[in-house]
Amino acid sequence: MSAGGRWGRSGGAGARGGAGARGGAGARGGAGGSGGRAWAGWRKALPSDDSDELAWTLFHQDDVISLEQARQHLSPKAIRHRVGTGRWRKVHRAVFVTHNGPVGAEHLRWIAVLAAGPAAVLGGLTAAEAWGLRRYGSPLVHLLLPATHQTRSLPPGVVVHRTTTLGEDDVLAVGQPRRTMPARSLVDAAQWAATDEQARAVIAAGFQQRLVGGDDVHRVLERLPRARRRRLIAETASDAAGGSHSLAELDFLGLVRRAGLPEPSRQVERRDATGRRRYLDVSFEEWHVHVEIDGGQHLDPAAAWADMRRQNDLWIEGDRVLRFPAWAVRNRPDHVTGQIHAALKAAGWPG
């Protein structure tokens, strides 16, 4: 289905019903009155049951409101008064922040979608971060709009992408602000990434952090036959769904395949000596050969000791364990595959 039939209202009033009375008293209730308080130690509180619609709108929109929305509740004079006294700040042509504290990522998302208009949704890394993706945040706010939509004047740091395909399955049906669903967000982030490596990393992170699973990404790709990097995204998603949850693990899997070694299992669950559930990065289970790929987190003493204990448990049981740093997988592939080949042969692999 094309975007034309799917673009609904922006997450606008986001609240409790119809618009309140113009010039109503609610500007000081709930979130709306935060601007008059010292920011230090302030925490956004749930509005009381008797708060008006403006207070609920500001609560749902992280204290950001458009001029059009504000006019549903306040007279032009009341709006000018709030701006003039510093309780509200005009952060764009027709968008206000209604407190005098720092403007964070959650505010920037609302500023972007309200400035762009009701057709806009958060997309790519911005939407993925709103879903909970960690360590891949972008300083930019990525918006997705219909290909035919006229672009309004937008704040600095907002990047607009366009699409002709955005069906019901790709957009959050409830919740604010409007954004693409996790799988579509990751696919778009991979499409828009500066490099193939960044694209692979964000797809793998989506599986590792459990934003997506199974065939989620492939279903999105079926709806986007002309997606950029479509094959790379599909292959990465297949490997990540199979258990390769880091870029180093994906690189290792490609290395093993190119070397003609057996296809290993990934993220194999085992119980350690204390009964705790552990996962092996890579396992050639038939020959009881296991491979651990060490990233930066393995330099931490506590993490290193946990790795050693797990490795010792495997050796005690008679298995072989090989460990490689992530840089060796990328920069010394012949050494890595040579040692794996030798370990498999010693364990009985016919080659």
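Compared with the alpha-carbon gap, the fully stretched path from A194 to A259 is longer by 20.5 nm at 0.36 nm per residue. Answer rounded, prolate or oblate for segment 74-181, using the Cα gyration tensor with square roots of eigenvalues a ≥ b ≥ c: rounded when a/c is under 1.5, else prolate when a/b is larger than b/c, else oblate. Prolate.
Here the simple spin-label model places points 7 Å from the Cα toward Cβ, and for A94 and L67 these points are separated by 0.7 nm. Between S75 and Q208, the FRET efficiency estimated from the beta carbon spacing at R0 = 41 angstrom works out to 0.20.
If r is the Cβ-Cβ distance from R330 to L140 and R0 is 30 Å, what FRET efficiency results, to the nearest 0.05? It comes out at approximately 0.60. Within the shell of other residues whose beta carbon sits under 9 angstrom from the beta carbon of V282, the net charge comes to -2, with Lys and Arg scored +1 and Asp and Glu -1. In terms of its C-alpha gyration tensor, segment 51-103 comes out rounded, because the ratio a/c of the largest to the smallest axis stays below 1.5. Projected label points at T151 and H218, each 7 Å from Cα along the beta carbon direction, are separated by 3.6 nanometres. Ordering 318-326, 281-289 by mean Cβ neighbour count within 10 Å, with the highest value first, yields 281-289, 318-326.
Beta bridges per DSSP, both residues in segment 120-241: antiparallel share near 30 percent. Element breakdown for segment 49-175 at a 1.4 angstrom probe: carbon and sulfur atoms account for 52% of the accessible area.
The values are calculated or read from the model by the stated rules, or taken from the named source; none is laboratory data. This one's a predicted model, so the numbers in the text were calculated from it and none came from an experiment. Every residue, glycine as well, gets a Cβ built from its backbone with ideal geometry; the counts of neighbours run over all protein chains shown. Please note that ligands, DNA and RNA were not included when accessible areas were found on the heavy atoms of the full protein model with its side chains. Shrake-Rupley method; radii C 1.70, N 1.55, O 1.52, S 1.80 Å.
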